[in-house]
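Colleague: The structure under discussion is supplied below as structure tokens; questions concerning it will follow.
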Amino acid sequence: MRPAFSVVFLTTLIGAGQGLFLALYCAELAGALQLISMPDGKIFFAVGSLISLVLSGLGLGASFLHLGHPERAWRAAAMWRTSWLSREVIVLPAFMALVALYGIGHYLNWSVTLAVGAAATVVCLALFACTGMIYACIKFLQEWASPLTLVNYLLLGCASGFTLAAAFAAFAADNLLKAYAIGALGLTLLGLLTRSASLVRNSRIKPRSSLQTAIGIRHPRIQQKSQGFMGGSFNTREFFHGRSRTFLRSVKWLFLAFAFAVPLILLVSGILITSAALLCAAFVVQYAGLIAERWFFFAQANHPQNLYYQAIS
Amino acid sequence: MTQMALVIDLNVCVGCHACVTSCKEWNTSGSAGYLADDRPYDEDPTGTFFNRVQTFEVGEFPNSETVHFPKSCLHCEDPPCVPVCPTGASYKRKEDGIVLVDYDKCIGCKYCAWACPYGVREIDEHRKEMTKCTLCVDRIYNEALPPSDRRPACVMACPTSARLFGDVHDPDSDVATAIRERGGYQLMPEWGSMPANHYLPRRKTEITIHQDELVRADNPLEIDRKKPQPGRQEPALDDATSW
């Protein structure tokens, strides 16, 4: 598939926003259970929610750039019974509303923030499920049609969110810095594990469709002689990344380095010397890595329609 | 349940692209709006087409066959493109099984095109809406047209009658008979989308000679009875002929 940057930014931005919110709520829960001493909550939670809200809002804005008719976007809430995209369209604003409520609640010292946070957590997890299922539910895009797609969206979103939380804690709540950084470390490692698993899985995929099933002729040797037109079309543009194999492979190693390896090193050193700069760098590097990761995720998916477009003439 | 569809006979398709051009001509002139057609006579032409004819070489020269393969929306009985649409713009009509796009509801997210394994949906770059073959839904019920013209434009245009149109669920229809008797098949059956459009495979070309063609029925000698006509099984004078 041709990676659309609007979708790349949508999924990475809301992922980080969701992860950051989960990090905030984890701190509140741990504080309520008296596992940690609570930080000066008011500003920390309100500003944290605001950052999460801004990230999700930017993601939502990016998603509009993907549409041919953004003015009709409101219609996209209609088919939630069948469409994961429609469900995401409902759940994302719901998540943003709950996070806003959560932040305001903390700022105004409401007593129900724990309950609002619980609701937002449920919606947040539902949003991860929707985002993942949009891709995992297309069964003939075999690279995506796997539970690993869901797991990766969840873990990579949480990892970048926790890294951001660690960087944020360095400014707003020193006592949470270590816990967040360790959480980010664990989630990044776990994400590395599941993303590598999906890379291994995808490298071994045998496509179920072939030129034989595509045109229904049972012969071992079929060659396309003409795709029916000399110029380009939607079919030749939308479903192929248009880059070389070498480029694709470079992006793979790039994202493995920038989304996982470098942030892991930065996080460890950030914990050891408690440096805000290192933790901020960890988030920036990891976010850049995740953009590459998402680009690769789209580019790697091989759409069976490409079978029909293998030779111009 | 009615399921209108095309049955395309690969045995007689000659790859002339008449279905492609007639499709574009009819559908770019419709009430839904024109279809994009950029730089048609310049370098790198591009545009929206609902129908394409592709060409494949099967086998290795000299034992090869050239197969022309027209491809348009297959109007699947379980269309994977319909449930994914977030707005309900993409839908399958109950009354005749045609898969259509309600252009006014389409937000142009392209998700349905991703969800179609056949690549038959194209976003129109100008209208920014998803477009696809409508089986000429604005022709086939159009009472302004004479009944013989109430068929898809591609079917009307095909010079070799390679395109049949009708209800594949009606066992007595031409299309159902053709599918049944000439080995009609579906594309990519592995995904369970059950395309309504079928393709008829290449056949061996054979000459069929009937019994009455072997004997000259209007032989004047036979009519005049001037010569004795031996039975066909009996030995004749030169033992080689019967009248």
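The values are calculated or read from the model by the stated rules, or taken from the named source; none is laboratory data. The shown structure was predicted, so the numbers you read here are calculated from the model rather than taken from an experiment. As a convention, Cβ positions derive from the backbone with ideal geometry for all residues, glycine included, and neighbour counts pool all protein chains shown. Calculation scope for accessible area: heavy atoms of the full protein, side chains included, ligands and nucleic acids excluded. Shrake-Rupley method; radii C 1.70, N 1.55, O 1.52, S 1.80 Å.
Colleague: Quickly run through the range B:14-39 and pick out the residues that are in contact with a Lys or Arg (Cβ under 7 Å, 6 or more places away or on another chain) and within 15 Å of B:Asp124 (Cα to Cα).
Modeller: Matches in the range B:14-39: B:Gly33, B:Leu35.
Colleague: Right, here's the next one. Kindly indicate which of A:Leu55, A:Leu85, A:Leu22 is open to solvent by 10 Å² or more (accessible area, probe 1.4 Å), touching a Leu at 6+ places or on another chain (Cβ under 8 Å), assigned to a helix (DSSP H, G or I) and among the hydrophobic types (A, V, I, L, M, F, W, C).
Modeller: Working: A:Leu85 fails: touching a Leu at 6+ places or on another chain (Cβ under 8 Å); A:Leu22 fails: touching a Leu at 6+ places or on another chain (Cβ under 8 Å).
Exactly one residue qualifies, and that residue is A:Leu55.
Rundown of residues vs (1) over 18 Å from A:Gly17 (Cα atoms); (2) part of a helix (DSSP H, G or I); (3) open to solvent by 30 Å² or more (accessible area, probe 1.4 Å), yes/no style:
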{"residue": "A:Tyr102", "(1), (2), (3)": "no, yes, no"}
{"residue": "A:Ala115", "(1), (2), (3)": "yes, yes, yes"}
{"residue": "A:Thr131", "(1), (2), (3)": "no, yes, no"}
{"residue": "A:Leu150", "(1), (2), (3)": "no, yes, yes"}
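Colleague: Considering A:Val116, A:Val151, A:Val112, which residue is in contact with a helix residue (DSSP H, G or I) (Cβ under 9 Å, 6 or more places away or on another chain), more than 28 Å from A:Ile265 (Cα to Cα) and modelled with pLDDT of 95 or more?
Modeller: On the way: A:Val151 fails: more than 28 Å from A:Ile265 (Cα to Cα); A:Val112 fails: modelled with pLDDT of 95 or more.
None of the other options fit; the residue is A:Val116.
Colleague: Here's another thing I want to ask about it. Out of the helices (runs of 4 or more DSSP H) lying entirely within the range A:220-313, which hold 2 or more residues that are within 16 Å of A:Arg195 (Cα to Cα), within 14 Å of another protein chain (Cβ to nearest Cβ) and not aliphatic (A, V, I, L, M)? Explain how you work it out, then say what you get.
Modeller: Values: elements: A:234-238, A:245-255, A:262-273, A:276-300.
Here the list reads A:276-300.
Colleague: In addition: Among the residues of the range A:58-82, write down those that are part of a helix (DSSP H, G or I) and at the interface with chain B (Cβ under 7 Å from one of its Cβ atoms). Give the derivation first.
Modeller: Let us first name the residues in the range A:58-82 that are part of a helix (DSSP H, G or I), namely A:58-65, A:70-77.
Of everything in the range A:58-82, those that are part of a helix (DSSP H, G or I) and at the interface with chain B (Cβ under 7 Å from one of its Cβ atoms) turn out to be A:Arg72, A:Ala73, A:Arg75, A:Ala76.
Colleague: List the pairs whose first member sits in the range B:194-220 and is among the charged types (D, E, K, R), whose second member is surrounded by 10 or more Cβ atoms within 10 Å (Cβ to Cβ), and whose Cβ atoms are under 6 Å apart, counting only residues at least 6 apart or on separate chains?
Modeller: B:Arg202/B:Leu10; B:Arg202/B:Asn11; B:Arg203/B:Asn11
Colleague: Still on this structure, I have one more. Return yes when B:Lys110 is under 24 Å from B:Thr46 (Cα atoms), open to solvent by 20 Å² or more (accessible area, probe 1.4 Å) and touching a strand residue (DSSP E or B) at 6+ places or on another chain (Cβ under 7 Å) and no when it is not.
Modeller: yes
Colleague: Here is a check on your reading of the model: is B:Arg139 among the basic types (Lys, Arg), within 17 Å of the chain's Cα centre (by Cα) and either modelled with pLDDT under 95 or not in a loop (DSSP other than H, G, I, E, B) (or both)?
Modeller: yes
Colleague: Considering (1) within 21 Å of B:Ser193 (Cβ to Cβ); (2) touching a Pro at 6+ places or on another chain (Cβ under 7 Å); (3) more than 7 Å from every other protein chain (Cβ to nearest Cβ); (4) of a type in the set (Gly, Ala, Ser), say which one B:Ala18 fails and leave the rest.
Modeller: (1)
Colleague: Please work out if A:Val200 is open to solvent by 40 Å² or more (accessible area, probe 1.4 Å), away from chain B (no Cβ under 14 Å), at pLDDT 95 or above and not in a loop (DSSP other than H, G, I, E, B).
Modeller: On the way: open to solvent by 40 Å² or more (accessible area, probe 1.4 Å): yes; away from chain B (no Cβ under 14 Å): yes; at pLDDT 95 or above: yes; not in a loop (DSSP other than H, G, I, E, B): yes.
Against the criterion (open to solvent by 40 Å² or more (accessible area, probe 1.4 Å), away from chain B (no Cβ under 14 Å), at pLDDT 95 or above and not in a loop (DSSP other than H, G, I, E, B)), A:Val200 qualifies.
Colleague: Within the range A:29-38, is even one residue open to solvent by less than 30 Å² (accessible area, probe 1.4 Å) and more than 14 Å from chain B (Cβ to nearest Cβ)? Break it down stepwise before answering.
Modeller: First, the residues of the range A:29-38 that are open to solvent by less than 30 Å² (accessible area, probe 1.4 Å): A:30-31.
Filter once more, so that each one left must be more than 14 Å from chain B (Cβ to nearest Cβ): A:30-31.
Checked the range A:29-38: at least one residue is open to solvent by less than 30 Å² (accessible area, probe 1.4 Å) and more than 14 Å from chain B (Cβ to nearest Cβ).
Colleague: Right, next: Could you list all residues from the range B:70-107 that are of a type in the set (D, E, K, R) and within 11 Å of chain A (Cβ to nearest Cβ)?
Modeller: B:Lys71, B:Asp102, B:Asp104, B:Lys105
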